[in-house]
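A short write-up of the structure that comes next.
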Amino acid sequence: MAEDNRSYPLRLTADELLARARELTGIDLVDEAAAEPLEVLVSAYNNDACLHKEGMGAIEKKLLRLLCNRLRMQRDFAAHPEIAEVEIKSPTFVYGQLRSGTTKVQKLLAASGDFLYLPFWWTFHPSLLTGERTESPQQRIDEASEYIRWFDAMSPAAKLGHRFQALEPEEESLILEHSLISGVYIAFNTMTSYMQWYATQNPVITVKYLRDQLKYLQWQAGIDKPWVLKSPLWVGLEPFILEVFPDANLVMTHRDPNQTIPSLFRLLDTFHAPFSHKKPEYETLRVGLAMGMEQHLANRKTRPDMRILDIAYPEITGSSDALAAKVYDFCDMPLSDEAAEHIKKWEADNPIHKLGAFQYSQVDYQLTPEIINGDFAGYIEFAKGLF
């Protein structure tokens, strides 16, 4: 049988998706904030993403899930005004270049027991189905697990670079999909027209959406602990984080772009495969990442009040004791013996390349040190000694 290389547009329009979400949830609210970004997203999926047939179905399911979760969250905020009063205290944002060790830092801290974190199922299904805090989360967990099984079957190599697990800590990038205004969409599809539109939007909208999601989830959990978050998307957006979370702790990881860029491109290959035949637009991505890093360096110069803990890559691959102590000290938190033991146990249970090595090469993407060193010259100069 010949391979089907056709592109499949979504079967539902933006208006039909919004109507279907109201049907599925039984919530008769008009999600006015969703209308414009959803229209842009649908257009990008239809015209830029080159979805294959399986991917088209998966994207429709995703958009409906996001819209349903948005409606349920709005329902619960209206029914429980106290959610808006929940205080998010000193959240820790772990960020840096993609593939620079952010995941390990986040998971070490999450293992301590001292932080609230986002397990994958929360990022996939953050909203209560019934609106009752006492409801079992099992259906939401099961649907997240089912999605992971599908994703792993569609792209078995993906888990070697970034493994999704329903109950394990995940980055907030996936929860930000619910805002409908986020750069995370290009992790899974080419979304040229959407990204052009996204560049015109105020990032503080997305950060405020994250704040409200954290309030909602903290209210659901009934636990008052500081959050540990993690997303490479924050590089260059530090002032917007601090506008919404003025007491945030910014923890930045550093690794040589000659390693991170080809590793990222290989990961994106595996992330795009479940949805499209189309390869990522590598050059556009590389230039965009370099611009984000230049903005980050500019922020350091113009915002001397901006406290950032810099973590060198050898510190991430080295002793978890020293790394945890450094982060806890920066966050002005005591590191108990119990928390330190939890961290050590996580590290022992999760050695590097646990599932196998993630293979990548500059040559695979027509990259050379001259190209990367040129794009990231300012950052490489700044980060001397951190690689």
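The figures follow:
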quantity	calculated
Residue tally, condition closer than 30 Å to residue 313 by Cβ, polar (S, T, N, Q) and outside any helix (DSSP H, G or I), over region 98-143	2
From the options 160, 128, 109, residue that is in contact with a Gly (Cβ under 9 Å, 6 or more places away or on another chain) and of a type outside the set (Lys, Arg)	160
Number of the exception - residue 325 against (1) part of a helix (DSSP H, G or I); (2) farther than 20 Å from residue 94 by Cβ	(2)
Where residue 170 falls short, out of the listed (1) buried (at least 22 other Cβ atoms within 10 Å of the Cβ); (2) in contact with a Phe, Trp or Tyr (Cβ under 6 Å, 6 or more places away or on another chain); (3) touching a residue at least 60 places away in the same chain (Cβ under 8 Å)	(3)
Of all residues making up region 180-190, the number that are surrounded by 22 or more Cβ atoms within 10 Å (Cβ to Cβ) and without any contact (Cβ under 8 Å) to a residue 60 or more places away in the chain	1
Evaluation of residue 336 against (1) out of contact with any Phe, Trp or Tyr (no Cβ under 9 Å at 6 or more places or on another chain); (2) farther than 26 Å from residue 192 by Cβ; (3) modelled with pLDDT under 95 (one fails), failing number	(3)
Of all residues in region 144-156 being surrounded by 15 or more Cβ atoms within 10 Å (Cβ to Cβ) and assigned to a helix (DSSP H, G or I), the one that is farthest from the chain's Cα centre (by Cα)	154
Matching residues, region 14-30, being within 13 Å of residue 64 (Cα to Cα) and surrounded by 14 or more Cβ atoms within 10 Å (Cβ to Cβ)	14, 17, 18, 20, 21, 22, 25
Given (1) over 18 Å from the mean Cα position of the chain (by Cα); (2) over 29 Å from residue 154 (Cβ atoms), number of the condition residue 252 does not satisfy	(1)
Tabulated pairs, region 311-325, first among the aromatic types (Phe, Trp, Tyr), second not in a helix (DSSP H, G or I), C-beta under 8 angstrom, 6+ apart or interchain	313/100; 313/101; 313/253; 313/254; 313/255; 313/256; 313/386; 313/387
Every residue from region 1-57 that is among the polar types (S, T, N, Q) and either under 21 Å from residue 181 (Cα atoms) or free of Cβ contacts under 8 Å to residues at least 12 places away in the same chain (or both)	13, 43, 46, 47
Residues that are among the hydroxyl-bearing types (Ser, Thr, Tyr) and either modelled with pLDDT of 95 or more or over 24 Å from residue 217 (Cα atoms) (or both), drawn from region 167-203	179, 182, 185, 190, 192, 193, 194, 198, 200
Condition broken by residue 325, with the remaining ones in (1) surrounded by fewer than 16 Cβ atoms within 10 Å (Cβ to Cβ); (2) at pLDDT 95 or above; (3) under 30 Å from residue 4 (Cα atoms) satisfied	(3)
Per-region count, region 66-115, residues under 17 Å from residue 226 (Cβ atoms) and crowded, with 20+ Cβ neighbours inside 10 Å	15
Positions within region 191-216 being surrounded by fewer than 22 Cβ atoms within 10 Å (Cβ to Cβ) and in contact with a strand residue (DSSP E or B) (Cβ under 9 Å, 6 or more places away or on another chain), in sequence order	214
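The rows are residues; the columns are (1) among the hydrophobic types (A, V, I, L, M, F, W, C); (2) assigned to a helix (DSSP H, G or I); (3) under 26 Å from the mean Cα position of the chain (by Cα).
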{"position": "30", "(1), (2), (3)": "yes, no, no"}
{"position": "33", "(1), (2), (3)": "yes, yes, yes"}
{"position": "42", "(1), (2), (3)": "yes, yes, yes"}
{"position": "49", "(1), (2), (3)": "yes, no, yes"}
{"position": "70", "(1), (2), (3)": "no, yes, yes"}
{"position": "73", "(1), (2), (3)": "yes, yes, yes"}
{"position": "83", "(1), (2), (3)": "yes, yes, yes"}
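The values are calculated or read from the model by the stated rules, or taken from the named source; none is laboratory data. This is a predicted model, so every value here is computed, not measured. Don't worry about glycine lacking a Cβ; one is built from the backbone with ideal geometry, like all the others, and counts go over all protein chains shown.
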